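Read through the structure below, which is laid out as structure tokens, and then see the notes.
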């Protein structure tokens, strides 16, 4: 059985459609999404609608949770020294229909499934926190601690926006990377296909080119911060984009 695992779409519909088309060419039987479906990008409502139709499993990401909490938390967020992130929460919330908000509220932070004898845990961050991202730089000691905390064979995780796969103490940690906003300097969409058989797991990460310029134009058309567009175009996170912008201004 082939399963496509995606994550961190961040309201980037062109990237999501490109990945879905690529996965269909590989005859995947299921599509699983690890959260952070909205935020930063220009298509939050369209992405949620797509996932409701096409994804077999969805979990909640930390950004999704913050967007849903916008009304209650907005007063506190206004005091933050990070107005670009605050704007991302607020704008995404306002674009979502009541039906899409209600759908996101139904999502769990973790799901467990068994496929071909493999016990699998789906989540956004790590087994202990939605906001702990795992990647190639995560110390082996930490992965051992996390492996000891679960009874699963495979942990499918996201949040770091960086593709990653490693087996520690008999547990596979697999991160598909980010569909809509990679954070490794490669702006192409990232996802992973798992080939699951009894006693066998094959992991293959893919990078998929898509019309990132269209995604960036849509961000600008909605008067969202230019940094959001640059994240898409550069494959960098918000802090790195800001650092590059500051350095350019000083030249």
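The values are calculated or read from the model by the stated rules, or taken from the named source; none is laboratory data. Just so you know, these numbers come straight off a predicted model, no measurement behind them. All Cβ positions, even for glycine, are placed from backbone atoms using ideal geometry, and neighbour counts span all protein chains on display.
Here residue 193 meets each of (1) in contact (Cβ under 8 Å) with a residue 40 or more places away in the chain; (2) crowded, with 19+ Cβ neighbours inside 10 Å; (3) in contact with a strand residue (DSSP E or B) (Cβ under 9 Å, 6 or more places away or on another chain); (4) assigned to a loop (DSSP other than H, G, I, E, B) with one exception, condition (4).
Restricting attention to the stretch 217-239, the residues being in contact with a helix residue (DSSP H, G or I) (Cβ under 8 Å, 6 or more places away or on another chain), within 14 Å of residue 88 (Cα to Cα) and free of Cβ contacts under 8 Å to residues at least 24 places away in the same chain number 3.
Only residues that are under 11 Å from residue 8 (Cβ atoms) and touching a helix residue (DSSP H, G or I) at 6+ places or on another chain (Cβ under 8 Å) were counted in the stretch 145-182, giving 4. Taking the criterion of being buried (at least 20 other Cβ atoms within 10 Å of the Cβ) and not in a helix (DSSP H, G or I), the only residue of the stretch 12-27 that qualifies is 12.
The requirement of being assigned to a helix (DSSP H, G or I) and under 25 Å from residue 38 (Cβ atoms) is not satisfied by residue 155. Tallying residues that are in contact with a strand residue (DSSP E or B) (Cβ under 8 Å, 6 or more places away or on another chain) and within 13 Å of residue 36 (Cβ to Cβ) within the stretch 176-189 yields 6. Within the stretch 70-86, none of the residues are crowded, with 23+ Cβ neighbours inside 10 Å and either over 18 Å from the mean Cα position of the chain (by Cα) or at pLDDT 95 or above (or both). For the stretch 169-182, check the following and say yes or no: at least one residue is buried (at least 22 other Cβ atoms within 10 Å of the Cβ), within 14 Å of residue 42 (Cβ to Cβ), under 15 Å from the mean Cα position of the chain (by Cα) and in contact (Cβ under 8 Å) with a residue 40 or more places away in the chain. Checking the stretch 169-182: at least one residue is buried (at least 22 other Cβ atoms within 10 Å of the Cβ), within 14 Å of residue 42 (Cβ to Cβ), under 15 Å from the mean Cα position of the chain (by Cα) and in contact (Cβ under 8 Å) with a residue 40 or more places away in the chain. Find the residue count for the stretch 128-148, including only residues that are under 17 Å from the mean Cα position of the chain (by Cα) and surrounded by fewer than 20 Cβ atoms within 10 Å (Cβ to Cβ). So the count comes out to 5.
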